[in-house]
1. Report, by residue number, each residue of region 414-428 that is buried (at least 20 other Cβ atoms within 10 Å of the Cβ) and out of contact with any helix residue (DSSP H, G or I) (no Cβ under 8 Å at 6 or more places or on another chain).
2. Taking region 109-132 as the region of interest, how many residues are farther than 22 Å from residue 74 by Cβ and buried (at least 17 other Cβ atoms within 10 Å of the Cβ)?
3. Would you list the helices (runs of 4 or more DSSP H) that sit entirely within region 702-808 and hold 3 or more residues that are more than 22 Å from residue 670 (Cα to Cα) and touching a residue at least 24 places away in the same chain (Cβ under 8 Å)?
4. Would you point out which residue out of 284, 270 is modelled with pLDDT of 90 or more and surrounded by fewer than 18 Cβ atoms within 10 Å (Cβ to Cβ)?
5. Report yes if residue 192 is touching a strand residue (DSSP E or B) at 6+ places or on another chain (Cβ under 7 Å), in contact (Cβ under 8 Å) with a residue 12 or more places away in the chain and farther than 22 Å from residue 231 by Cα, otherwise no.
6. Can you name the number of the only condition in (1) in a loop (DSSP other than H, G, I, E, B); (2) modelled with pLDDT under 95; (3) crowded, with 20+ Cβ neighbours inside 10 Å that residue 617 fails?
7. So is residue 604 within 30 Å of residue 635 (Cβ to Cβ) and either touching a residue at least 24 places away in the same chain (Cβ under 8 Å) or outside any helix (DSSP H, G or I) (or both) or not?
8. Go through region 475-489 and give me each residue that's within 20 Å of residue 567 (Cβ to Cβ) and surrounded by fewer than 18 Cβ atoms within 10 Å (Cβ to Cβ).
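The values are calculated or read from the model by the stated rules, or taken from the named source; none is laboratory data. The shown structure was predicted, so the numbers you read here are calculated from the model rather than taken from an experiment. Note: ideal-geometry Cβ built from the backbone for every residue, glycine included; neighbour counts use all protein chains shown.
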């Protein structure tokens, strides 16, 4: 760490305490993004080079790497274009922000550079610098307010992709700068605005910058400390620009954090409540988040009806991997093993995001409002409606308020309803609303966590040509899509009305001061249920039934007509009736002393999640429902171990549907058993379409206990409901075929006992062991209950089962 020779706030602190310095005198840290938190500078450098290599005239000096720091780093995009061109004596008209990337204007070239950057971001992804997360955790534990101040309009997307958006209280990006009409760096406006939004005096805030213009911005703003982060600009130029200290790594700041805070960050002596009641108030029948969302918010506030799943607000971009999902709708890919071997899984599966109709953008006076001043969201357990609230500050006393209410309809599985209430405060305004279905591709993920989704480079969603049905009229739109590898097909239709009159996906709304305009959108998604018997050949999955995309679109159209007749209020009434019936049967009331009702709230949140994840069961139930891409959307033993016991006693018809899905998976399970040289059926450890999808044998196929887990769920369901018809028609097949697998997997040892060797138990920490206790006990249960079940059948039922299953 290098200090400014004199006049440095930090150097005075260091002189007072030669061992360490403290951040106690500062309340907030304001970070630049590019080059400080993330190495997006490399992507920006490549994007600028692509741009200027293509557009600079041949008779001027070409673009060089050092030009980045000299002319464009830290500046708003259009200013960077202008600065570089001026250095080459090239003049172009300014143009407008709406200019095409092909336009020969300052704005046109700036937009082209943005396109180049976004393409690189989606291709390569981004991760924070190595010490960033550790520092942010410590700062958060120390109670510091954090903000990002960036000239980039892509700042939120970059932070979201890097996985660090959740640490920041505010993001002041290029969109905020434009909306608030702030001057860009090296002027101090954006940093001063960020401090003001955080409610922190300038002299109580630290600015961290790697760009000379950004350091100058911090110095001009009168901030308490300006930290230069040397990522290539050089220490001396950073000092000359106004830095108090210069560091090479953010980790050098950790020495200034009090030891108590470090202990909290490390999880030592911490008694803080992750559900801060000021942010997450205690409610008996709801869950509310006040303030800006975190990355986890999208899952916590997700909605589903078992067929459609929609993620809540996370502050990051919505796209095909972070928006809307359909039950069973997935893409496939060839699993690449480091070394192929017989019996290894061949076909991977991952839930495929579908076009999302919850992405709305607002423009007022030509300025797109992409960063709201405040955000909050709440989930009502009694209505199943998610309410999101946004406020966009247009001027000191002028702002736009938007309330978005969403429900995945429990009374109609293929319907999603959304109502926007738009209010002008402080003056009349014309609001330009764009609400197209978002089919943006997800950014590349480099995560190695197996709980996160696999990324498919050569698959994904493709739109089918259906010109005749793509647009019915001005307020209804339709489309059909299929997965490139799995071949699964889905259709989407949506309609929109403003104050009861039809409007298109793009419309202008006249909103008067203090008045509301109400926009209602209905979205219908249709796909066919899976046939869970694995793939046909190659990577192609199978659906139940033969229906073309035109028929799926027609189904969407019929649903939209029905929804318009019901109206949003009518749908909400039906939703409440459905949930009233659910709570009458399933509510669990607790009296936990001393927690002011928090335990009751958490239990009801859990019950609500179970209710919405199983409101319909067209396919299997994945470990994370339809809340996102976690675990790639796979079904595990979670269904039988955790979900079915609840359904068996509260909604037995749903339990039977889930077990019937396993029954329909038997052909694939028999095939898998044969591959593994066993009799009977071996169910896949993780799957969507019935094909084993686990590429890691030791924690996948080796968990043979899944056969007994499914058998246990069958017995529990039949025992609780007395559904003998299910046992005779489907359950007995599952019990017998899984029992056969155990008989062939184990062997009688020299001690005369039956042993099952080389298996992995449910804890997954001790892989490939002999005689795992849980596995042995469950296998014994499975074998005994299969024999008991055969004995319980009527003579005719037993005769049919013996013939069907060739039981000796």
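1. Within region 414-428, 416, 418, 420, 422, 424 meet the criteria.
2. Of the residues in region 109-132, 1 are farther than 22 Å from residue 74 by Cβ and buried (at least 17 other Cβ atoms within 10 Å of the Cβ).
3. Working: elements: 705-721, 732-745, 773-792, 795-805.
Hits in region 702-808: 705-721.
4. Values: 270 fails: modelled with pLDDT of 90 or more.
Of 284, 270, the one residue that is modelled with pLDDT of 90 or more and surrounded by fewer than 18 Cβ atoms within 10 Å (Cβ to Cβ) is 284.
5. Working: touching a strand residue (DSSP E or B) at 6+ places or on another chain (Cβ under 7 Å): no; in contact (Cβ under 8 Å) with a residue 12 or more places away in the chain: yes; farther than 22 Å from residue 231 by Cα: yes.
In short, no.
6. In the conditions (1) in a loop (DSSP other than H, G, I, E, B); (2) modelled with pLDDT under 95; (3) crowded, with 20+ Cβ neighbours inside 10 Å, residue 617 misses (2) alone.
7. On the way: within 30 Å of residue 635 (Cβ to Cβ): yes; either touching a residue at least 24 places away in the same chain (Cβ under 8 Å) or outside any helix (DSSP H, G or I) (or both): yes.
Yes; evaluated as a whole, the condition is true for this residue.
8. None; the set is empty.
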